[in-house]
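Here the structure is laid out as structure tokens; the discussion comes afterwards.
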Amino acid sequence: MSFSQATLIEGHKPISPASGIPAWDIDPYDVEILKDPNAYYAELRALGEVVYIPRYSILTVGRFETTRKVFSDHENFLSSRGVGLNDFKLEDPWRPPSIILEVDQPDHTRTRKVMSRALSPKVAKGFADLFHETADALVDRLLGQGSIEAVADLAEAFPTTVFPKAVGMKDVNPRYLVDYGAMVFNAVGPDNQLRRDAMSHAGEIVPWINAACARDRLTKDGLGALVYASADDGTLSEDEAGMLVRSFLSAGVDTTVTGIGNALWCLSQNPDQWDALKRDPSLIRATFEEVLRYTSPVHTFGRTAGQATEIAGFPVEEGTKVTCVLGAANMDPDKWGDPEKFRIDRKPVGHIAFGAGIHGCVGQNIARAELEAVLGALIKKVDRIEPAGDAVWRPSNAIRALDKLPINLIPN
Ligand code: OVV
């Protein structure tokens, strides 16, 4: 380790960016930007292929092609040194690193295989009845209520009900699952107030999460058991199986909560698109893909240059932290016509809301199955979704999610 703590910036080596890379005096983690990011996204793309942010001593990309390229270039841009601002090679991470997210080839390949088998389209299909029955019952209950607060009542309620069942968790604590997600995702940002607030719950929640991942805290018929089967056949150690169950709990709750909340926001703000979906339910999938493109639930994730390399022809030093602004890429007018319009007939093939390359979201089949169930229940039973107050965003260093969404669900 060649740098003392004192010389690190946000836990990584300070850089001297190549000439020609524009410097931008901005804090991308300012709460006002996080709550309403489109102007920041536009300016980031306008400034250049790659931008230097002195405040954090990072490079940042937001144009579609360059963002996709950096994010999927696992040879040059490593995940094992952390996907946030801290360089795990120079500073200890806040928790033992994920053995699927925060790891490179060849180690990544073995754990990824286990997870992609556990989360296959076939397995996701097996959860369809549970997801549909739960969504139908939840929407029925909410329809009798007049106005609802859709974040707590629906967006959080649905995944925190079905996902622990899908995993086979014996321990139930929806609040801990949501708050753990907030820790995991805020942790990839700088040491700001958001990160510190999220981490203030760590003392209670981290031990609970770790304990909930043990074999004897899981049923024999869920996703957890599928992972432990790989410990039985010798592919994984017992500890590794527990770590992969931890990945379910890290990545599977906050993301789908956000996907559902953002879908309700998009549809409540765009009644013509809701009507179009009601007329043609075969557009459910396309609607969710457009929600993902339009709101990018994971707005920013990073990589670390593992060796001297380049971005769009500009030299990049080893150890450089590069943040990839997925939200900016998914709004790039060079890629998408009229990107700031929410259009369910767009079929936004190639959006990078699930990432790209070997680390692309391994849970996306489950995410899609959850959204299909929720949107399916809504279009069956609800005539109109009307705003019943202002939507409030919940700023996070990596997630673009709502805090409050008051709506009226008007029954058929
Ligand atoms: C994609 C993702 C996000 C957050 C956490 C993890 C994965 C994990 O593996 O823990």
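Looking at the stretch 338-372, which of the residues that are among the β-branched types (V, I, T) and away from the ligand (no atom under 16 Å from the Cβ) is surrounded by the fewest Cβ atoms within 10 Å (Cβ to Cβ)? Among residues in the stretch 338-372 that are among the β-branched types (V, I, T) and away from the ligand (no atom under 16 Å from the Cβ), the one surrounded by the fewest Cβ atoms within 10 Å (Cβ to Cβ) is V349.
Quick one: would you say L244 is crowded, with 17+ Cβ neighbours inside 10 Å, at pLDDT 95 or above and farther than 30 Å from I53 by Cα? So L244 fits the description; yes. With the structure loaded, tell me whether G327 is touching a residue at least 60 places away in the same chain (Cβ under 8 Å) and small (G, A, S) or whether it fails that test. Yes: the conditions hold for G327. Across the stretch 373-392, the qualifying residues are those that are of a type in the set (A, V, I, L, M, F, W, C) and open to solvent by 40 Å² or more (accessible area, probe 1.4 Å), and the one among them that is nearest to the ligand (Cβ to nearest atom) is V392.
Just one of the listed residues (Y56, Y40, Y29) is more than 16 Å from the ligand (Cβ to nearest atom), within 20 Å of the chain's Cα centre (by Cα) and over 21 Å from P339 (Cβ atoms), and it is Y29.
Scanning the stretch 79-88 for residues that are surrounded by 22 or more Cβ atoms within 10 Å (Cβ to Cβ) and closer than 16 Å to R112 by Cβ yields S79, V83.
Among residues of the stretch 301-359 being among the acidic types (D, E) and more than 22 Å from the chain's Cα centre (by Cα), the one that is farthest from R112 (Cα to Cα) is D338.
Report whether or not G224 is touching a strand residue (DSSP E or B) at 6+ places or on another chain (Cβ under 9 Å), buried (at least 22 other Cβ atoms within 10 Å of the Cβ) and either free of Cβ contacts under 8 Å to residues at least 60 places away in the same chain or in a helix (DSSP H, G or I) (or both). For G224, the condition - touching a strand residue (DSSP E or B) at 6+ places or on another chain (Cβ under 9 Å), buried (at least 22 other Cβ atoms within 10 Å of the Cβ) and either free of Cβ contacts under 8 Å to residues at least 60 places away in the same chain or in a helix (DSSP H, G or I) (or both) - is met. In the stretch 237-260, the qualifying residues are those that are within 14 Å of the ligand (Cβ to nearest atom) and among the aliphatic types (A, V, I, L, M), and the one that is farthest from Y180 (Cα to Cα) is A241. You will find that of R110, R95, the residue that is open to solvent by 20 Å² or more (accessible area, probe 1.4 Å), out of contact with any strand residue (DSSP E or B) (no Cβ under 7 Å at 6 or more places or on another chain) and not in a helix (DSSP H, G or I) is R95 and no other. Of all residue pairs spaced 6 or more apart or on separate chains, those with beta-carbon atoms under 9 Å, a first member in the stretch 18-43 that is in contact (Cβ under 8 Å) with a residue 24 or more places away in the chain and a second member that is assigned to a helix (DSSP H, G or I) and among the acidic types (D, E) are W24/E43; I26/E43.
I'd like to know if the stretch 113-127 contains one or more residues that are within 15 Å of the ligand (Cβ to nearest atom), open to solvent by 20 Å² or more (accessible area, probe 1.4 Å) and more than 21 Å from H12 (Cα to Cα). Yes, the stretch 113-127 contains a residue that is within 15 Å of the ligand (Cβ to nearest atom), open to solvent by 20 Å² or more (accessible area, probe 1.4 Å) and more than 21 Å from H12 (Cα to Cα).
With respect to the stated conditions, D191 is part of a loop (DSSP other than H, G, I, E, B) and in contact with a Leu (Cβ under 9 Å, 6 or more places away or on another chain). Quick one: how many residues across the stretch 337-347 are under 19 Å from V298 (Cβ atoms) and free of Cβ contacts under 8 Å to residues at least 60 places away in the same chain? Adding up the residues that qualify gives 1.
Those strands (runs of 3 or more DSSP E) of the stretch 294-337 in which at least 1 residues are within 16 Å of the ligand (Cβ to nearest atom), on the phi < 0 side of the Ramachandran plot and not basic (K, R), considering only elements entirely within it, cover 300-305, 321-325.
Name the single residue that is nearest to A398 (Cα to Cα) among those in the stretch 189-212 being open to solvent by 20 Å² or more (accessible area, probe 1.4 Å) and within 13 Å of the ligand (Cβ to nearest atom). In this case the residue turns out to be V206. Quickly run through the stretch 265-323 and pick out the residues that are open to solvent by 10 Å² or more (accessible area, probe 1.4 Å), among the polar types (S, T, N, Q), touching a residue at least 12 places away in the same chain (Cβ under 8 Å) and under 27 Å from N408 (Cβ atoms). Residues satisfying the conditions are Q269, N270, Q273. Could you tell me whether the stretch 62-76 includes any residue that is under 30 Å from P207 (Cβ atoms), at pLDDT 95 or above and surrounded by fewer than 18 Cβ atoms within 10 Å (Cβ to Cβ)? Taking every residue of the stretch 62-76 in turn, none turns out to be under 30 Å from P207 (Cβ atoms), at pLDDT 95 or above and surrounded by fewer than 18 Cβ atoms within 10 Å (Cβ to Cβ).
The values are calculated or read from the model by the stated rules, or taken from the named source; none is laboratory data. Nothing here was measured: the structure is a model prediction, and the numbers come from that model. A quick note on method: Cβ atoms are made from the backbone with ideal geometry, for glycine too, and the neighbour counts reach across all protein chains shown. In case anyone asks, the SASA skips ligands and DNA or RNA and just uses the protein heavy atoms, side chains included. Shrake-Rupley method; radii C 1.70, N 1.55, O 1.52, S 1.80 Å.
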